[in-house]
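To start, the structure itself, in structure tokens.
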Amino acid sequence: MLNDDENVVVEADGHINRPMVGWYDPGQLIQTAASVVVSTLFGRHADFRLMEALAKQSEAHSFDTGEDKPFWFDYAADVGDGWNSTYAVAYWLAQPTLNLKDSDGNEHFTERGKILIFGGDAVYPVASRSAYQEKLISPYKMALAQTDEANSPTVFAIPGNHDWYDSLAAFMRLFCSKRWFGGWRTEQTASYFAVKLPHGWWLIGADIQLDSDIDDPQVKFLSSVAEKMQESDRIILCVAEPHWIYASIYGANDKDFNENNLAFIEQKIFKSKIEIFIAGDLHHYRRHQSPANVQKITAGGGGAFLHPTHGPAVQTLADQFELKKSYPDKKTSRRLGWGNLLFPLRNPTFGLVTGVLYLLTGWTTNLDLSSYQLSNIADALCETFRAALNEPLAAFWITVAFLGFYLFTDTHSKTYRYVAGTIHGVAHLVAVFFLGWAASRLLVSQFGLHFGSTPQMLLTGLFMLGGGWLFGSIIMGIYLFISLNIFARHSNEAFSSLKIEDWKNFLRIKIDADGKLTIFPIGLRRVPRKWKKIAKPGLSSSIIPDDKQATAPELIERP
């Protein structure tokens, strides 16, 4: 059945089956834009990390097996979106064991981690107490109910930009208050942490707030941790964003600032002890490797919409890091990108935005084009242009409408903005013109309504609103498709419109008794759409998959 929100389904077993976030829904666009503006302005002038440091003193946590047996831990990032994708990852993370086959058919036995790391953006679209409860705590509690304290795993988390949208208040309440998180315990006291693992391995979680400088208390804490390390110790560094990717794509801009922060942590604090870099933010799996076998892994497949792997070229990064694996592969990613040609069906409410824009643009011009036939459409276009120039309000509104689409264009290439942004904006204005001309011909010439009469104005408004909904959405979908599949631009905008809940991933990592570390990249090609409640002794999850089309967890590449 449906609750008060028609898009939220309450299943028979009581869980709330929320759909993926509709990033192109008008209400969502306004809410997210407001949160970004407020958090950016506040976050760059009032650093909450400094306030939390005054209240709590961070400490390094130590985990050891005490025996000669492997130590397991898990990593997931960009969680807390739609129910199916979020719970699918939570469900498989919660299972005591997973048997996985590699591409050669070899079977690998894995255990649930004693530690679970959330690598940023724990909830979408905007952090709040209720959002964490509904989109993160609820699915993970159903996946693993509270366990006895002696055998319970521990969760650590670093915040991403979406966690910062409420100035980290909800994040701190959830992860830094020594509370239970379903069957996991929370242990950290700040938005960054350090964990001593067995056999000289360290797990470091760093918080770089909204592209700002790394704060002094965090530098002091990480430096104190570095002083405790032995010469032979090795580090796994978790950050919220893969700055190595952004630095390669965008070059010297604001993203490069965080790459400098990363270099400071790596070279000045930890003296090049970092052997594995892990980040989310991009919702796919990519692994880059250096000649020295250092790994840089992007694994943001914990629940949010899929990001493409066929966007900007990242085959080779700085310091000779080479791309070794992508999931999904580029061919599959490119095929999925064709879905933007169905943009009106995938984002039905976005048409309200273009519909209203088209309506207001036509209204400010208000020109009778009923006498112009298709054969002299050029004359009609010239007449419309002259009328717009002679009417200040029309000229102003047409400029505003054009700039709206122009400024939407990928900002990281001025050339692309100049060319593609202009074409995109002009395409919408041309669509407005043809809709206005068609309305005049149909209502005045064909149906005989008097131009300027109330019926003609009302019907023309409805015609412009409906036509704007359809053709405005179609133009947006075509623009996104061409931008990504041909020019490798708008990766985020093109795939957020698709809301793909499949192709999820997480990492399971093992440290052997001899100190050897092995990473198992686990993929979910198709997450279940159906679930059923079950109560059997020994099962860790109260809801299990009930979808024959869903695929079992698979190894993305050999461990």
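The values are calculated or read from the model by the stated rules, or taken from the named source; none is laboratory data. These numbers were taken from a predicted model, which means no experiment stands behind them. Every residue, glycine among them, receives a Cβ derived from its backbone with ideal geometry; neighbour counts consider all protein chains shown. These area figures cover heavy atoms from the full protein model, side chains too; ligands, DNA and RNA do not enter into them. Shrake-Rupley method; radii C 1.70, N 1.55, O 1.52, S 1.80 Å.
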Matching residues in segment 275-289 - criterion: being over 17 Å from residue 157 (Cβ atoms), open to solvent by 10 Å² or more (accessible area, probe 1.4 Å) and assigned to a loop (DSSP other than H, G, I, E, B): 282
Enumeration of residues in segment 467-506 that are open to solvent by less than 20 Å² (accessible area, probe 1.4 Å), closer than 30 Å to residue 119 by Cα and of a type in the set (Ser, Thr, Tyr): 483, 496, 497
One residue from 175, 181, 156, 171 being open to solvent by less than 10 Å² (accessible area, probe 1.4 Å), closer than 15 Å to residue 79 by Cα and over 21 Å from the mean Cα position of the chain (by Cα): 181
Residue in segment 507-531 that is most open to solvent (accessible area, probe 1.4 Å), counting only those that are of a type outside the set (A, V, I, L, M), assigned to a loop (DSSP other than H, G, I, E, B) and closer than 30 Å to residue 344 by Cα: 530
Residue match in segment 249-271 (condition: open to solvent by 50 Å² or more (accessible area, probe 1.4 Å), in a strand (DSSP E or B) and at pLDDT 80 or above): no
Selection from segment 116-141 of residues that are open to solvent by less than 10 Å² (accessible area, probe 1.4 Å) and at pLDDT below 90: 120, 127
So residue 459, is it among the aliphatic types (A, V, I, L, M) and either assigned to a loop (DSSP other than H, G, I, E, B) or within 18 Å of residue 386 (Cα to Cα) (or both): no
Which listed residue is without any contact (Cβ under 8 Å) to a residue 40 or more places away in the chain, under 24 Å from residue 444 (Cβ atoms) and hydroxyl-bearing (Ser, Thr, Tyr), from 370, 375: 375
Any chance residue 216 is charged (D, E, K, R) and open to solvent by less than 10 Å² (accessible area, probe 1.4 Å): no
Which numbered condition residue 228 misses (of (1) open to solvent by 20 Å² or more (accessible area, probe 1.4 Å); (2) modelled with pLDDT of 90 or more; (3) closer than 28 Å to residue 318 by Cα): (3)
Segment 291-305, subset out of contact with any Lys or Arg (no Cβ under 8 Å at 6 or more places or on another chain) and more than 16 Å from residue 238 (Cα to Cα), residue surrounded by the most Cβ atoms within 10 Å (Cβ to Cβ): 304
Listing of helices (runs of 4 or more DSSP H) fully contained in segment 336-426 that carry 2 or more residues being of a type in the set (Phe, Trp, Tyr): 351-365, 392-408
When residues of segment 291-310 are limited to those that are free of Cβ contacts under 8 Å to residues at least 40 places away in the same chain and touching a helix residue (DSSP H, G or I) at 6+ places or on another chain (Cβ under 6 Å), the one nearest to residue 163 (Cα to Cα): 309
Segment 369-384, subset surrounded by 13 or more Cβ atoms within 10 Å (Cβ to Cβ) and of a type outside the set (S, T, N, Q), residue nearest to residue 432 (Cα to Cα): 381
Verdict on residue 292 being closer than 22 Å to residue 88 by Cα and not in a strand (DSSP E or B): no
Single condition residue 484 does not satisfy, out of (1) in contact with a helix residue (DSSP H, G or I) (Cβ under 6 Å, 6 or more places away or on another chain); (2) more than 30 Å from residue 251 (Cα to Cα); (3) aliphatic (A, V, I, L, M): (2)
Filter result for the condition that a residue is modelled with pLDDT of 95 or more, among the aliphatic types (A, V, I, L, M) and not in a helix (DSSP H, G or I), over 480, 498, 470, 449: 498
Conditions (1) surrounded by 15 or more Cβ atoms within 10 Å (Cβ to Cβ); (2) in contact with a strand residue (DSSP E or B) (Cβ under 6 Å, 6 or more places away or on another chain); (3) modelled with pLDDT under 95; number of the one not met by residue 534: (1)
Candidates 127, 131, 88 - the one that is among the aliphatic types (A, V, I, L, M) and in contact with a Lys or Arg (Cβ under 7 Å, 6 or more places away or on another chain): 88
Strands (runs of 3 or more DSSP E) completely within segment 142-211 that count 2 or more residues being at pLDDT 85 or above and β-branched (Val, Ile, Thr): 154-157
Long-range neighbours under 9 Å by Cβ, at least six apart or interchain, first residue at positive phi within segment 446-468, second open to solvent by 70 Å² or more (accessible area, probe 1.4 Å) and of a type outside the set (Lys, Arg): 452/366
Residue within segment 420-438 that is in contact (Cβ under 8 Å) with a residue 60 or more places away in the chain and either surrounded by fewer than 14 Cβ atoms within 10 Å (Cβ to Cβ) or over 18 Å from residue 355 (Cβ atoms) (or both) present: yes
Residue match in segment 450-461 (condition: surrounded by fewer than 16 Cβ atoms within 10 Å (Cβ to Cβ) and touching a strand residue (DSSP E or B) at 6+ places or on another chain (Cβ under 7 Å)): no
